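Everything below concerns the one structure shown next.
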Amino acid sequence: MASSGQNGTMDETNDGQKKSGTRVFKKSSPNGKITTYLGKRDFVDYMSHVEPIDGVVLVDPEYMKDRKAFCHVLAAFRYGREDLDVLGLTFRKDLFLASVQVFPPLKDQQRPLTRLQERLIKKLGSNAYPFFFEIASTSPASVTLQPAPGDTGKPCGVDYELKTYVADSQDERSHKRNSVRLVIRKLTYAPSAPAPQPVADGVREVFMSPGSLKLEASLDKEKYYHGETISVNVLVDNNTNRSVKKIKISVLQTSEITIFTKGSFSCSVAELSTE
């Protein structure tokens with residue numbers, strides 16, 4: 001087992017094998033007394049089910065003594081800038097919360113170990129304790145709203161966090177020195193499927209000019225994944241006596257927000273212009 005420092009990733013391999021094994025994310029508390037191990041940080045919603053969150057927590061038994069270790073998953077929606085949080089009013093709403101006691105383990109919360117947990121406990125020893133969460137299918141997907149120019153602080157959107165902390169009770173306030181926070185994401189599975197080629201057009205009459213200007217734009221497909229190039233075909237049919245000097249193409253992120261009153265938010269995430 002090769003680790004890359006206090007916070008980061010590690011490669012888990014079986015003894016005697018040269019091939020690389022499972023990549024594991026690990027993060028330790030500032031005091032080094034607890035460490036959280038995760039097999040991945042992106043969990044996919046396949047519409048029929050959501051991938052479970054499974055991992056282990058390595059604890060220092062001498063430090064724990066009569067203390068307990070808890071692990072919880074929190075999904076929250078931020079709908080305002082952090083610098084506007086004043087007088088106890090925060091522009092943030094918790095959407096989903098699940099919590100389990102990791103140490104000492106409770107009999108009614110024990111379940112069969114996953115393959116990842118079996119391998120990690122075999123490597124880490126008896127002071128490693130498993131945790132398991134099932135995210136509700138009705139919980140929202142992770143999304144970040146593109147901040148407007150001039151916005152500072154954490155962007156608005158839905159984010160998930162896995163937190164492991166040491167306390168005497170589940171409701172006790174956690175301290176930074178003996179807690180671990182990991183950002184995770186819930187993603188929606190979007191398989192590619194045959195669909196009509198997206199096409200849009202518009203016609204504009206030009207003042208003091210005969211004829212009209214027709215603009216047509218089309219995409220090569222309907223669905224794009226992160227990192228893919230969006231190919232746009234533009235057709236300009238100019239029947240006026242004016243010349244087209246500039247064409248501008250923008251990609252807008254549009255989000256409908258219905259948590260309080262229905263509204264929408266749009267922001268440009270990419271732009272291209274030609275002279």
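The values are calculated or read from the model by the stated rules, or taken from the named source; none is laboratory data. Given the structure is predicted, the values throughout are model-derived calculations rather than measurements. Ideal geometry is used to build each Cβ from the backbone, glycine not excepted, and the neighbour counts take in all protein chains shown. We work out accessible area using only protein heavy atoms, side chains counted, and drop any ligands, DNA or RNA first. Shrake-Rupley method; radii C 1.70, N 1.55, O 1.52, S 1.80 Å.
One table, with the values for the structure above:
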read-out: Matching residues in the stretch 76-125 - criterion: being of a type in the set (S, T, N, Q), at pLDDT 90 or above and in a loop (DSSP other than H, G, I, E, B); value: Thr114
read-out: Residues that are exposed (fewer than 11 other Cβ atoms within 10 Å of the Cβ) and either aromatic (Phe, Trp, Tyr) or in contact with a Lys or Arg (Cβ under 7 Å, 6 or more places away or on another chain) (or both), drawn from the stretch 225-255; value: Tyr225
read-out: Breaking point among (1) farther than 30 Å from Asp168 by Cβ; (2) at pLDDT below 65; (3) within 25 Å of the chain's Cα centre (by Cα); (4) surrounded by 14 or more Cβ atoms within 10 Å (Cβ to Cβ), for Val44; value: (2)
read-out: Hits in the stretch 206-224 - residues which are at pLDDT 85 or above and either open to solvent by 100 Å² or more (accessible area, probe 1.4 Å) or within 30 Å of Asn31 (Cβ to Cβ) (or both); value: Glu222
read-out: Out of Lys33, Lys68, Lys26, sole residue that is at pLDDT 85 or above, of a type in the set (Lys, Arg), open to solvent by less than 80 Å² (accessible area, probe 1.4 Å) and under 18 Å from the mean Cα position of the chain (by Cα); value: Lys26
read-out: Single residue of the stretch 124-134 satisfying the filter (within 30 Å of Pro155 (Cα to Cα) and open to solvent by less than 30 Å² (accessible area, probe 1.4 Å)) that is farthest from the chain's Cα centre (by Cα); value: Phe131
read-out: Qualifying residue in the stretch 168-188 (condition: over 30 Å from Asn31 (Cα atoms), at pLDDT 85 or above and open to solvent by 60 Å² or more (accessible area, probe 1.4 Å)); value: yes
read-out: Answer residue from the stretch 137-150, given it is more than 16 Å from Ile184 (Cβ to Cβ) and surrounded by 15 or more Cβ atoms within 10 Å (Cβ to Cβ) and is modelled with the lowest pLDDT among those; value: Pro147
read-out: Complete set of residues in the stretch 165-184 that are closer than 25 Å to Asp42 by Cα and among the charged types (D, E, K, R); value: Lys176, Arg181
read-out: Qualifying residue in the stretch 151-160 (condition: of a type in the set (Ser, Thr, Tyr), touching a helix residue (DSSP H, G or I) at 6+ places or on another chain (Cβ under 9 Å), in a strand (DSSP E or B) and open to solvent by less than 30 Å² (accessible area, probe 1.4 Å)); value: no
read-out: Selected residue (criterion: surrounded by the most Cβ atoms within 10 Å (Cβ to Cβ)) from residues of the stretch 90-123 that are more than 26 Å from Ser139 (Cα to Cα), touching a residue at least 60 places away in the same chain (Cβ under 8 Å) and out of contact with any Phe, Trp or Tyr (no Cβ under 7 Å at 6 or more places or on another chain); value: Arg119
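The rows are residues; the columns are (1) in contact with a Gly (Cβ under 7 Å, 6 or more places away or on another chain); (2) over 30 Å from Arg67 (Cα atoms); (3) touching a residue at least 24 places away in the same chain (Cβ under 8 Å).
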site: Ser179; (1), (2), (3): no, no, yes
site: Ala200; (1), (2), (3): no, yes, no
site: Leu215; (1), (2), (3): yes, yes, no
site: Lys246; (1), (2), (3): no, yes, yes
